Amino acid sequence: MTKHKCGWCVGDPLYEAYHDKEWGSPVYDDATLFEFLILETFQAGLSWITILRKRTNFFDAFDQFNYKKIAKYNDTKKAELLQNAGIIRNKLKVNATITNAQLFMDIQQEFGSFSTYLWAYVNEKPIKNKVEYYKDAPANTPLSDALSKDLKKRGFKFVGSTVIYAFMQAVGMVNDHETACFRYDQV
């Protein structure tokens, strides 16, 4: 018997594996949160499958998403990244990644961890929405607006409300699995 899955992932093995194992699972680890923040930043204006297909390349190009290393990237490293055909070669997004790594550590310093800062927005508990059809899920919410606004105020780049809502879905702050999806009650 085939398990029902959210419609957005059906038909692509990479998409389905990501959906089945990662998407919507609560993430509390700062390193993993940073990885998703970077991937969502690069996804802005593109499809998520494009990013998934390049995820390993991003992992290698950005020092395994080590934000401490990324925060120290210089012009030579930026130029190297912009020549890397395995990633999205967008100068603004590369620069934003470096800036965001620096600011990520500022939040860690202020709150003890990025996770503590982030999960306070949902009172440390995922919001379980009731999405019957994936296309009915919102692109943003007042909560993603508030988080986006605060991140922007702190200097983060490429963190508009839609990007932040996708991030919140990915790291399990909101459960937007379709109610009939086998993952809905798992996460």
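Annotations
- Pair list, Cβ under 6 Å, 6 or more apart: segment 108-131 residue within 21 Å of Ala166 (Cβ to Cβ), other residue at pLDDT 95 or above and aromatic (Phe, Trp, Tyr): Phe114/Phe104; Ser115/Tyr28; Tyr117/Phe111
- Counting only helices (runs of 4 or more DSSP H) that fall entirely inside segment 72-157 and contain at least 3 residues that are surrounded by fewer than 16 Cβ atoms within 10 Å (Cβ to Cβ), the qualifying elements are 75-82, 91-111, 142-153.
- Looking only at residues of segment 158-187 that are of a type in the set (A, V, I, L, M, F, W, C) and in contact with a His (Cβ under 8 Å, 6 or more places away or on another chain), we find that the one that is surrounded by the most Cβ atoms within 10 Å (Cβ to Cβ) is Cys181.
- Residue count for segment 1-48 satisfying the condition of being hydrophobic (A, V, I, L, M, F, W, C) and over 22 Å from Ser161 (Cβ atoms): 6.
- Taking the numbered list (1) more than 19 Å from Lys152 (Cβ to Cβ); (2) modelled with pLDDT under 95; (3) part of a helix (DSSP H, G or I) in turn, Thr56 passes all entries but (2).
The values are calculated or read from the model by the stated rules, or taken from the named source; none is laboratory data. Everything numeric in this text was worked out from a predicted model, so none of it was measured. We place every Cβ from the backbone using ideal geometry, glycine too, and count neighbours over all the protein chains shown.
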